[in-house]
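Below is one structure, written out as structure tokens, with a few remarks after it.
The values are calculated or read from the model by the stated rules, or taken from the named source; none is laboratory data. Remember, it's a predicted structure, so these values are computed and weren't measured experimentally. Cβ placement follows ideal geometry from the backbone for every residue including glycine, while neighbour counts extend to all protein chains displayed. What goes into the accessible areas is simple: the full protein's heavy atoms, side chains included, and nothing from ligands, DNA or RNA. Shrake-Rupley method; radii C 1.70, N 1.55, O 1.52, S 1.80 Å.
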Amino acid sequence: MKEDLPGSPLRHNESDLRLLLNSIRAPILALTEDLTILYCNQAFSVLARIPIADLEGHKLPDLLPSFTRSRSFAAYLNVLQTGQDQMVEGPINNSYLHSWVYRTPWGVLAIGEDITRHRQTEGALRESQARYQTLFETANDAIFLLTPADDIIDANQRACQMMGYDLPTLLHMRFSDLQASDAANAVPLSPDGAPFESLFRHRDGRLIPVELTTALAQADSASFIFCIVRDITERKQAEETLRQTQKTESLGILAGGVAHDFNNLLVAMLGQATLALAKLPEYADARPHIEKSIRAAENAAHLTRQLLAYSGRGQFEKRAIQVNALIQDHLHLFQVAVPKHIDLRSDLSEPLPAIEGDLGQIQQVVMNLIINAVEAIGERPGIVTVRTNSLDLDEENGRIPLYSNSSLPPGRYVCLEVQDDGHGMDAATLAKIFDPFFTTKHSTGHGLGLAAVLGILRGHKAGLQVSTHPGQGATFRLFFPAIHPSAKTQASPKVDTGPLRGSVLVIDDEALVREAVVDILELRQVRVIEAENGRAGLDAFRENQKSVRLIILDLSMPGMSGEETFHALRQCNPRVKIILSSGYSQTEIGKRFTSLAATAFLQKPYSAAELLQVVEMYLDTT
């Protein structure tokens, strides 16, 4: 320590005083008025990174120029000038010092505190708070902070958007006020942090399915609940669409299987009945009864076609169709299904592109929708409107929200719309209208009309949208892909009227079908060889290759399948003529068995006349 100046508090026991100053952890610095370091302790020497001997007696600006240029050092100069003590904070080297600066007779005395770690902690806390606030405000999920008493104490912007309230309004509400009436009134805490589902109500009244994740947090002595709310509306819609798709596919498989088996029975019924009718004289008393049986079987065949249409495997003979012409040509037929107290109107847009489809199936779709609209109106006067127009769908507006497994591809579409001003439907009824055998009518209807419509649309790759509300009627909109005007239909094969020669091999697992085919073909003296399965049919063909000129092969058989049998027969004789027969449509068979190049296709159920026509067309006449 340098020589004492006049008025210095230092006395003769310098070593004791030095020991006392160096034992103090707070940095101490004494400056003269010309900024010479009078004395300092070890704590200040460590901060300055300069030994005490090199500090005392030297001017501070020469030793620590960066410190003396800082704003905090200006407080030292201000104390020297004004004589008023000050408290100041500022950096020195890589540390941060909080100091009390006092005026003394010889200059200034500064007693400081190293608050570097405190400042670092404060900075880290501010950064943490900033990160939390950023995450809180930019989160895609709604976040609520709640008291254990259910009061909302904070919410992010997403929460305001989700619920339709501004933040001041939310802060005056309870969390239970946001929940639907049938949801729990308090927020249950999940001990394991697992999410759970609930139902919220938007400010406008609509319901929002949500997924909640809650956690209990502690701040000082207070507790609060941290709650993350995720809107799962789209997920619920996707799940419902998946359930609808799976249900439709399962029921479609069931309906297709039932229709296929039923068609085998109808082959026997129609074949034997038409055969009996052909053998009866015109004056026979039994003719009217047999004709009634045939009509009943044909009605049953119509029912199986509806079942197949629902399964998406109906018989489609596609051709270019002008929807407006179809409606105008059949409007008088549609009018028959409409009672006099209901006005059937048409609003057809021209020009309208053509679509590709089955004329009878599209006609059935329009008729079923008109009948459905009529029944929705009931006994009171009303209006049913059939409307057409065309529109272009792109990636944004191509999604048909109801009853479509995926978005319609972009392109030109023809929209067929059937609208009624009837009672409308609630959500529960709307969810079931396309289920097979579902009906709201207690006395009439078998519930296959709309189910068949859905199946036909799937077969035509068309979309469907239904708009309805209770008391506001319903509108069914069908979207058919438009085709180029040059699309042409496939020409029908010519019928060969030459004499029938050779034998016919019938391979079918249904005995009634084989029996009907035998009886019908015997009418034209055609020899028939029967086989009850694929293996037996293959053996029979090998034994009778020289005489068999035509094979009628059922595609759905147990054991050796129809497809396997087909390939095995072609290996024996690549030129043998094979007619495939199935309850499914030719289009469906073509999709399922792309490798089969059959001679012809015979849709079940078929009458005696239809069977004879096909056999006469393809039986070898040479």
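If you check Q161 against the conditions, is it within 27 Å of the chain's Cα centre (by Cα), within 17 Å of R203 (Cβ to Cβ), modelled with pLDDT of 75 or more and exposed (fewer than 14 other Cβ atoms within 10 Å of the Cβ)? In short, yes. Can you confirm whether region 105-125 contains a residue that is touching a helix residue (DSSP H, G or I) at 6+ places or on another chain (Cβ under 9 Å) and farther than 18 Å from A26 by Cα? Yes, because at least one residue in region 105-125 is touching a helix residue (DSSP H, G or I) at 6+ places or on another chain (Cβ under 9 Å) and farther than 18 Å from A26 by Cα.
Going through A540, A598, A609 one at a time, which residue ends up being at pLDDT 80 or above and either part of a helix (DSSP H, G or I) or surrounded by 16 or more Cβ atoms within 10 Å (Cβ to Cβ) (or both)?
The unique qualifying residue is A540.
Checking N533 against (1) modelled with pLDDT under 90; (2) open to solvent by 10 Å² or more (accessible area, probe 1.4 Å); (3) farther than 30 Å from T388 by Cβ, which single condition isn't satisfied? Result: N533 fails condition (1) only. Among all positions in region 452-467, there is no residue which is over 20 Å from I370 (Cβ atoms), modelled with pLDDT under 80 and assigned to a loop (DSSP other than H, G, I, E, B).
Contact map, region 72-86: residues that are within 12 Å of E33 (Cα to Cα) paired with residues that are polar (S, T, N, Q), Cβ distance under 7 Å, separation 6+ or inter-chain. Pairs shown: N78/Q86; V79/Q86. Checking each residue in region 142-171 for being of a type outside the set (A, V, I, L, M), within 22 Å of Q218 (Cα to Cα) and outside any strand (DSSP E or B) picks out T147, P148, D150, N156. Right, A255: modelled with pLDDT of 65 or more and at negative phi or not? Against the criterion (modelled with pLDDT of 65 or more and at negative phi), A255 does not qualify. Criterion applied to G112, G123, G193 was being outside any helix (DSSP H, G or I), closer than 30 Å to V46 by Cβ and either at pLDDT below 75 or open to solvent by less than 90 Å² (accessible area, probe 1.4 Å) (or both), and the one residue passing it is G112.
When the residues of region 327-378 are filtered to those that are out of contact with any strand residue (DSSP E or B) (no Cβ under 9 Å at 6 or more places or on another chain) and of a type in the set (V, I, T), which remaining residue is surrounded by the most Cβ atoms within 10 Å (Cβ to Cβ)? Checked region 327-378; the qualifying residue surrounded by the most Cβ atoms within 10 Å (Cβ to Cβ) is I371.
For region 13-42, how many residues meet the condition of being assigned to a loop (DSSP other than H, G, I, E, B), among the polar types (S, T, N, Q) and open to solvent by 40 Å² or more (accessible area, probe 1.4 Å)?
As a first pass, look at region 13-42 and keep what is assigned to a loop (DSSP other than H, G, I, E, B): 13, 24-27, 33-35, 41.
Of the ones still in play, those that are also among the polar types (S, T, N, Q) are 13, 41.
Checking the rest, the ones that are also open to solvent by 40 Å² or more (accessible area, probe 1.4 Å) come to 13.
Qualifying residue count, region 13-42: 1.
Applying the selection to region 366-402, what residues are at pLDDT below 85 and under 15 Å from F479 (Cα atoms)? Within region 366-402, L393, D394, N397, G398, R399, I400, P401, L402 qualify.
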